[in-house]
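Worksheet: the structure to be examined is printed underneath.
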Amino acid sequence: MHAERLLPLAEAVQLLPAAAESRDGYQRNSFKHWVDADRDSCNSRAEVLIAESRAEPTVGAGCKVTAGAWYSYYDGVTLTAPGGLDIDHMVPLAEAWDSGAHSWTAQRREAYANDLDAERSLVAVTARSNRSKSDQDPADWQPPLADARCTYATDWVATKLRWQLTIDDRERNALTELAAGCRLRAAGCGQETVDYQSAP
């Protein structure tokens, strides 16, 4: 069992190792997804939809999710039809590749792309917000909803620490600024903390 760690956001940012990024050789199909790892007929996309619905989801034959209630925290939108949702990799696949996943085995990349064991590795958000984010890191994209940015930074750092991924200088600067802003916003009521468990 890998030990769980809980750290203030600013401190957690400093734990991330620095490295230059390279997208050489990246192909999206290097990360196999959405798979049904536990063979219960629900693939990882469906598992996230079921887990994150704020109402009892409607699930049909073959684990087809047809209705529920999902809150897209990036932009503050609630949807009841899954067709308007994307399942976002908190740290996009291309960014993961740049940050160390290029050296992983195919099996580890598959595990990353279908990580259901950490609550924020995969998140249901509006297709519009996910496509706006694309493969960008926090230096180039942050949620349009200002109140979401501390959660986003925390989830991003937790995912990178969980998978031992690196960051570049622009990314560290952006995360450091976000952490400082989050600390000010949280004055008097605690601060954002990064809760993560290293991936197997």
Between the stretch 120-146 and the stretch 1-38, the alpha-carbon center distance in angstrom: 16
Keeping the other protein chains in place, figure out the carbon and sulfur percent of the accessible area of the chain, with a 1.4 Å probe. 48
Could you work out the percent of alpha carbon pairs in the stretch 93-141 separated by over 13 Å, rounded to a whole number? 66
Take the chain, connect every pair of alpha-carbon atoms lying under 10 Å apart with a spring to form a Gaussian network, then pick out the residue of 181, 84, 25 with the largest mean-square fluctuation. 25
In Å², what does the accessible area per residue of the chain work out to with a 1.4 Å probe? 50
Nearest 0.05, what FRET efficiency do residue 106 and residue 184 give at R0 = 30 Å with Cβ-Cβ as r? 0.10
Express the C-alpha Rg of the chain as a ratio against the empirical globular expectation 2.2 N^0.38 Å, rounded to two decimals. 1.01
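Taking all pairs of distinct Cα atoms, average 1/r, flip it, and tell me the Kirkwood hydrodynamic radius of the stretch 56-122 in Å to one decimal place.
For the stretch 56-122, the Kirkwood estimate is 14.0 Å.
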Using amide H atoms built in the peptide plane, which far-off residues or other-chain residues are under 5 Å from residue 168 H to H? 19
Distance in nm between label sites at residue 56 and residue 131, each 7 Å beyond Cα in the beta-carbon direction? 3.4
Rg to Rh quotient for the stretch 28-81, alpha carbon positions, Kirkwood Rh: 1.03
Residues with amide H under 5 Å from that of residue 67, placed H, sequence gap 5 or more: 58
I want to verify a result. In a Gaussian network model of the chain, Cα cutoff 10 Å, which of these has the top mean-square fluctuation: 63, 42, 182? 63
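The values are calculated or read from the model by the stated rules, or taken from the named source; none is laboratory data. Here the structure is a predicted model, which means the values were calculated and not measured. Neighbour counts are summed over all protein chains in view; Cβ atoms, including those assigned to glycine, are modelled from backbone coordinates with ideal geometry. Just so you know, the surface numbers come from the protein's heavy atoms only, side chains and all, with ligands and any DNA or RNA stripped out. Shrake-Rupley method; radii C 1.70, N 1.55, O 1.52, S 1.80 Å.
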